[in-house]
Amino acid sequence: MPERPRYMISVAAEFVGMHPQTLRLYEAKGLVRPGRTPGGTRLYSDADIERLQLIQRLTTELGLNLAGVEHVLRLQDELGRLQARMDRIERELRAEISKVHKSYRRELVLYRSSQHPAPRS
């Protein structure tokens, strides 16, 4: 379950090689949304760690500023939502096609031409 919050900020920061304050800044900018315990402690999921690693690649390797990172992440999130929607629609269409194919089998009637009578047993 990659969405399950499990890592405290110090552990998450160590995983991605960032300072905990950087993670707080990214949260303040809405780039990452860690879970919270009832006491308010931030907990990062595996998906959050992957997102932080992506942010790091975008800023260090591609030289994007945080506004650019925000735009890329927004597009990536939208792409994910659209992919999930397409997958759902495809499953629904496949189920409908299967129902139609089953109805064909029930309605199928063999036709025998009068020129070629059926073989007799």
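Observations on the model:
- Sequence-distant residues sharing a close amide H with Met8 (under 5 Å, placed H): Tyr44
- Listed residues Leu62, Tyr26, Gln115: farthest to the positive end of the dipole of the chain (Cβ charges): Gln115
- ³J(HN,Hα) computed for each position of the stretch 50-62 - Karplus, 6.51 cos²θ - 1.76 cosθ + 1.60, integer Hz, glycine/proline x: 4, 5, 5, 5, 5, 4, 4, 5, 5, 7, 8, 7, 9
- Selection from Leu73, Ala13, Thr41, by position along the positive dipole direction of the stretch 1-80 (Cβ): Thr41
- Sequence-distant residues sharing a close amide H with Val32 (under 5 Å, placed H): Glu27
- Each Lys and Arg contributes +1 and each Asp and Glu -1, all at the Cβ; summed about the Cα centre of the stretch 1-105, the dipole is approximately 500 debye.
- Rounded to whole Hz, the Karplus (6.51, -1.76, 1.60) HN-Hα couplings of the stretch 43-48, x for glycine and proline: 10, 9, 8, 4, 5, 5
- Dividing the mean sequence gap of close Cα pairs (under 8 Å, 6+ apart) by how many residues the stretch 17-70 holds gives a relative contact order of 20 percent.
- Estimated vicinal HN-Hα couplings, Hz - the stretch 68-80 in sequence order (Karplus 6.51, -1.76, 1.60; Gly, Pro = x): x, 4, 4, 5, 4, 5, 4, 5, 5, 4, 5, 4, x
Bear in mind these aren't lab numbers, they're just calculated from the coordinates by the rules spelled out. Quick caveat, the model's predicted, so the values are computed rather than measured. Neighbour counts are summed over all protein chains in view; Cβ atoms, including those assigned to glycine, are modelled from backbone coordinates with ideal geometry.
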